[in-house]
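Written below as structure tokens is the structure these notes are about.
The values are calculated or read from the model by the stated rules, or taken from the named source; none is laboratory data. Here the structure is a predicted model, which means the values were calculated and not measured. All Cβ positions, glycine included, derive from the backbone under ideal geometry; neighbour counts span all protein chains shown.
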């Protein structure tokens with residue numbers, strides 16, 4: 001079988017190496033090289049999607065396994081079920097759009113532009129590897145290695161406080177990674193051992209002992225909660241969002257932060273079902289706090305990039321609620337929400353970035369009356385904003401209602417409180433639209449440019465996909481139903497006991 005997953009990891013990594021090595025005279029072509037690599041990745045991803053056996057969506061497919069560090073039982077083990085496939089498709093879709101969105105960045109500095117794009121390609125390689133990893137040690141190594149390109153993307157390209165934001169991001173991530181390392185080492189000693197000691201399939205069902213399982217679970221969960229990001233370990237995100245380049249933030253929040261919820265689904269629930277059931281009540285409380293806190297803070301923001309960041313804190317709370325409610329519908333909804341949030345929030349960051357590029361300001365107070373000047377931009381912003389508040393007809397609505405309905409039977413109070421987040425979402429989206437686009441046109445904005453063809457090619461496919469999945473959600477949910485059904489019985493048995 002063709003090694004799709006290894007190629008999808010190796011191709012952007014090779015593309016990054018090429019961009020780093022380009023001679024000075026050829027660096028002006030870096031954009032075309034990077035876009036070509038990511039489009040080829042997307043084509044390979046579509047081919048892989050067509051060959052995926054939907055009838056066995058809960059089974060690991062396109063599997064590859066090679067002994068990597070036999071002394072500790074670590075393997076280069078890759079494979080995807082419906083969960084992993086959906087996240088890889090999201091990464092492959094958004095990366096070329098981010099490159100296209102930033103096409104005019106660094107036009108006067110080809111060397112700087114080439115380095116930025118090389119780091120983006122390297123990030124894509126790690127994204128695919130993490131979502132495909134079937135060996136816990138491999139997952140951990142890629143999880144930590146991802147910090148390298150992200151640190152430089154944040155710290156080298158962005159606003160005046162970019163170095164502070166990069167260090168803050170790194171400190172939070174390293175703390176989570178070091179705690180996870182303790183859990184990874186513990187797995188070696190309390191797990192089954194052997195040639196493939198870290199293979200998830202081999203670890204699943206292992207009796208680690210109650211105390212050991214709970215401690216290892218907490219080590220993994222903390223790292224994933226930081227990445228997700230959940231209150232109170234979320235504070236790095238708004239700082240990064242307002243400082244880093246918009247394309248970086250779009251990839252980080254729309255795709256990379258899903259590593260947190262993906263890890264909860266595919267590692268915490270699968271490997272530590274007793275500990276997951278034990279911790280669920282407290283986790284749900286923090287999820288609800290994230291939903292309300294994120295929404296309230298979003299309403300109070302003047303900086304549009306910080307506003308979008310806080311909306312994501314709220315949305316991630318809904319995903320975590322769905323995961324730890326342990327109900328088939330809520331877990332399916334959470335997994336679907338991970339994909340939909342990537343479309344919606346990725347588009348929201350990018351359209352805000354286009355707006356900032358025209359005016360030089362992210363402050364809502366510097367805008368007003370743009371609807372008369374740029375009606376296409378205004379309409380596009382409104383549709384994307386409505387997706388963030390889960391308007392019926394757009395795919396985020398389907399996933400959000402699945403989580404709330406699915407979790408209601410076991411967490412009524414949490415669902416009722418979280419539903420307030422929907423009302424608050426309407427406030428932060430519609431108030432922002434009103435301040436930016438309605439009323440008299442603010443002085444100096446009369447000559448604001450309309451969306452270009454390139455910018456429409458970035459945003460409209462995302463809107464189209466949200467509309468398609470809003471009316472035909474089964475196109476995506478069919479890939480998530482069986483993996484959810486496989487996870488739930490494992491944890492439900494612990495809940496029943």
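Listed by position, the helices (runs of 4 or more DSSP H) enclosed by region 91-178 that each have at least 1 residues that are closer than 24 Å to residue 30 by Cβ and touching a residue at least 60 places away in the same chain (Cβ under 8 Å) are 110-132, 147-156. Between 215, 251, 237, the distinction of being touching a helix residue (DSSP H, G or I) at 6+ places or on another chain (Cβ under 9 Å), in a helix (DSSP H, G or I), surrounded by fewer than 24 Cβ atoms within 10 Å (Cβ to Cβ) and at pLDDT 90 or above belongs to 215 only.
Confirm whether residue 299 is touching a residue at least 60 places away in the same chain (Cβ under 8 Å) and under 17 Å from the mean Cα position of the chain (by Cα). Judged against the criteria, residue 299 is not a match. With respect to the conditions (1) under 18 Å from residue 354 (Cβ atoms); (2) part of a helix (DSSP H, G or I), residue 448 lacks only one, and its number is (2).
Conditions tested, residue by residue: (1) surrounded by 14 or more Cβ atoms within 10 Å (Cβ to Cβ); (2) modelled with pLDDT under 95; (3) more than 24 Å from the chain's Cα centre (by Cα).
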| site | (1), (2), (3) |
| --- | --- |
| 419 | yes, yes, no |
| 422 | yes, yes, no |
| 440 | no, yes, yes |
| 449 | no, yes, yes |
| 459 | yes, no, no |
| 481 | yes, yes, no |
| 485 | yes, yes, no |
| 496 | no, yes, yes |
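Of note, residue 85 does not satisfy the criterion of being within 27 Å of residue 451 (Cα to Cα), modelled with pLDDT of 95 or more and touching a helix residue (DSSP H, G or I) at 6+ places or on another chain (Cβ under 7 Å). The single condition among (1) more than 25 Å from residue 5 (Cβ to Cβ); (2) within 20 Å of the chain's Cα centre (by Cα) that residue 153 does not meet is (1). Just a yes or no: is a residue in region 103-114 buried (at least 19 other Cβ atoms within 10 Å of the Cβ) and within 17 Å of residue 258 (Cα to Cα)? Within region 103-114 (the criterion being buried (at least 19 other Cβ atoms within 10 Å of the Cβ) and within 17 Å of residue 258 (Cα to Cα)), the answer is no, since none of the residues qualifies.
Just one of the listed residues (379, 385, 393, 406) is closer than 22 Å to residue 254 by Cβ and crowded, with 23+ Cβ neighbours inside 10 Å, and it is 385. Can you find a residue in region 164-171 that is within 20 Å of residue 275 (Cα to Cα) and either buried (at least 22 other Cβ atoms within 10 Å of the Cβ) or modelled with pLDDT of 90 or more (or both)? The answer is no, given that none of the residues of region 164-171 is within 20 Å of residue 275 (Cα to Cα) and either buried (at least 22 other Cβ atoms within 10 Å of the Cβ) or modelled with pLDDT of 90 or more (or both). Of 11, 39, 44, 78, all but one fail to be buried (at least 18 other Cβ atoms within 10 Å of the Cβ), at negative phi and either outside any strand (DSSP E or B) or more than 23 Å from the chain's Cα centre (by Cα) (or both); the exception is 11.
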